[in-house]
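To keep things clear, I will list the structure first and then write my remarks on it.
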Amino acid sequence: MLILDGGLGTELETRLAKDDPRNPLGNPLWSGQVLLSSPDLIESIHREYVDAGAEVLVTATYQLSYATLIKHKNYTLDEAHNLWNEAVQVAKRAAKPGVMIAGSVGPYATYLADGSEYTGEYHGATISELREYHEPLAKYLNGHADVDMVAFETIPNRTELEAVIQVAGTLNKKFYVSMNLTPKGLVDGTDIDDVIRLLEPLRGLSNFLAVGINCCDYKQIETLAQLMPFPLYVYPNLGYEYDQTKGFYGVVKDDDVWRAAVEAWSKLSNVEAIGGCCSTGPHEIAIVKEIVSKE
């Protein structure tokens with residue numbers, strides 16, 4: 001069982017004061033904003049994940065597509081390459097021998113910056129447009145000597161899933177495709193059986209590692225894993241609940257519930273990697289390490 005790292009953007013949000021200009025909360029570059037200003041802080045969080053037991057570090061490129069960097073920073077492609085390389089090198093410096101680096105390719109939703117990771121509403125974006133969106137970062141990571149795998153993450157939309165599968169088919173580096181799923185299917189309403197059919201051709205690619213499930217409530221993972229007939233990398237959010245004492249939605253951490261969930265996933269034959277997404281941190285990954293070590 002492979003141990004993935006946990007959340008990066010949300011971890012940075014909790015460690016930086018709300019009035020700190022580096023705080024990624026609400027910034028369209030999210031953790032990429034911190035990469036620009038304080039790469040040492042990202043490196044320290046990567047290192048904490050390694051110390052907690054993570055065997056895969058995911059780069060801080062999730063929110064740094066070329067289109068996003070043009071939109072918000074007016075970057076040239078060479079400048080984008082330099083920033084993407086910095087993200088890889090930050091992870092490499094934090095890694096110990098045997099720890100792998102996954103180059104993160106976030107969804108088109110990160111360009112829209114409107115929460116569409118959770119709705120899949122892409123306003124009619126076509127397959128060709130979405131391929132063009134993903135190709136620069138995916139191809140760069142595919143060609144980087146220090147990247148062990150390419151991670152397409154949090155795909156919420158059927159058209160984007162088709163585009164990503166096409167882009168993945170052009171890579172020679174190992175890759176996985178991770179989606180934001182519910183037991184019914186993608187969050188844009190695509191039926192689970194249709195999702196499975198779209199993913200099926202990936203089995204024929206020698207560099208295909210797994211299907212991923214991320215950015216959903218961790219309490220749904222066991223059900224989702226049983227529905228998906230593929231090797232799986234699972235790294236969900238902790239989940240958000242309404243806190244009556246504070247009057248807003250927030251993360252309610254419960255080590256016992258998290259531990260029980262991870263134990264259940266570790267027993268599923270198709271789950272090959274476990275980690276965390278938003279609001280998980282080194283503490284939660286240390287619990288994953290504790291459980292996986294017993295298996």
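The values are calculated or read from the model by the stated rules, or taken from the named source; none is laboratory data. Everything numeric in this text was worked out from a predicted model, so none of it was measured. Neighbour counts run over all protein chains shown; Cβ positions are idealised from the backbone, glycine included. Ligands, DNA and RNA are stripped out before the accessible areas are found, and what is left, the full protein with its side chains, is counted by its heavy atoms. Shrake-Rupley method; radii C 1.70, N 1.55, O 1.52, S 1.80 Å.
Compute the longest continuous run of the chain that contains no exposed trypsin sites (Lys or Arg not before Pro); treat a site as exposed when its DSSP state is not H, G, I, E or B and it has at most 13 other Cβ atoms within 10 Å.
Numbers: sites that count: K18, K184, K246, K267.
Longest run free of exposed loop sites: 19-183.
Which of the three applies to region 1-92, rounded, prolate or oblate, going by the alpha-carbon gyration tensor with a ≥ b ≥ c and a/c under 1.5 meaning rounded?
Numbers: a/c = 2.13, a/b = 1.33, b/c = 1.60.
It comes out oblate by the Cα gyration axes.
Rounded to the nearest 500, what is the chain's calculated 222 nm mean residue ellipticity when only DSSP H runs of at least 4 contribute -39500 (n - 2.57) each, over all residues? If you can, show how the numbers build up before the last one.
Details: 12 runs with 126 residues, N = 295.
The helix contribution divided over the chain gives -12500 deg cm²/dmol.
Out of residues 5 or more away from T182 or on other chains, whose amide H comes under 5 Å of its own, with H placed 1.01 Å from N in the peptide plane?
The list, which skips near neighbours in sequence, is V187.
Rounded, prolate or oblate: which fits the chain when a ≥ b ≥ c are the square roots of the eigenvalues of the alpha-carbon gyration tensor, with rounded for a/c under 1.5 and prolate only if a/b beats b/c? The partial results should precede the final answer.
Values: a/c = 1.22, a/b = 1.05, b/c = 1.17.
Rounded, because the longest to shortest axis ratio a/c is under 1.5.
For region 36-130, just say rounded, prolate or oblate: build the C-alpha gyration tensor, square-root its eigenvalues into a ≥ b ≥ c, call rounded for a/c under 1.5, and beyond that prolate if a/b exceeds b/c, oblate if not. Before the final figure, lay out the partial values.
Numbers: a/c = 2.44, a/b = 1.67, b/c = 1.46.
It is prolate, given that a/c is not under 1.5 and a/b is the larger ratio.
Could you tell me the relative contact order of the chain? Use alpha-carbon pairs under 8 Å, at least six residues apart, and round to a whole percent. Don't skip to the answer; put the middle values down first.
On the way: 586 pairs, mean separation 58.9, N = 295.
Over the chain, the number comes to 20 percent.
Multiplying the sequence separation of I70 and K294 by 0.36 nm and subtracting their Cα-Cα distance, what value in nm do you get? Spell out each step's value before the answer.
Numbers: separation 224, 0.36 × 224 = 80.64 nm, distance 4.70 nm.
Using 0.36 nm per residue and subtracting the Cα-Cα distance, I get 75.9 nm.
In nanometres, what is the gap between the two model label sites at D255 and D193, each 7 Å from Cα along Cα-to-Cβ?
The two pseudo-label positions are separated by 4.5 nm.
May I ask you to give the solvent-accessible area per residue for region 169-295, in square angstrom, as obtained with a 1.4 angstrom probe? Don't jump to the answer; show the numbers that get you there.
On the way: 5710 Å² over 127 residues.
Per residue, region 169-295 has an accessible area of 45 Å².
Going through the cross-link list K73/K139; K96/K289; K96/K253; K219/K253, which pairs have a Cα-Cα distance over 18 Å in this structure? Don't jump to the answer; show the numbers that get you there.
Values: K73/K139 21 Å; K96/K289 16 Å; K96/K253 29 Å; K219/K253 12 Å.
Long pairs (Cα-Cα over 18 Å): K73/K139; K96/K253.
Per-residue HN-Hα couplings for region 226-237, Karplus 6.51 cos²θ - 1.76 cosθ + 1.60 at θ = phi - 60°, whole Hz, x for Gly and Pro?
With the stated coefficients, region 226-237 comes to 6, 8, 9, x, 9, x, 10, 10, 10, 8, x, 6 Hz.
Got a sec? Which residues in region 133-148 would a label at R93 touch, if it sits 7 Å along Cα→Cβ and we count backbone N under 17 Å?
Answer for this model: 146-147.
For region 137-143, take each phi angle, set θ = phi - 60°, evaluate the Karplus expression 6.51 cos²θ - 1.76 cosθ + 1.60, and give the result in whole Hz per residue in order, putting x for glycine and proline.
Running phi through 6.51 cos²θ - 1.76 cosθ + 1.60 with θ = phi - 60° gives 5, 4, 5, 5, 5, 4, x Hz.
I'd like the FRET efficiency for L205 and D148, computed as 1/(1 + (r/R0)^6) with the beta carbon distance as r and R0 of 25 Å, rounded to 0.05. Don't skip to the end; give the middle numbers.
On the way: r = 16 Å, r/R0 = 0.66.
Result of the calculation: an efficiency of 0.90.
With θ set to phi - 60° and the Karplus curve 6.51 cos²θ - 1.76 cosθ + 1.60, what are the ³J(HN,Hα) couplings of region 41-54 in order, to the nearest whole Hz, using x for Gly and Pro?
Calculated HN-Hα couplings, in order: 5, 5, 4, 5, 6, 3, 5, 4, 5, 4, 5, 7, x, 5 Hz.
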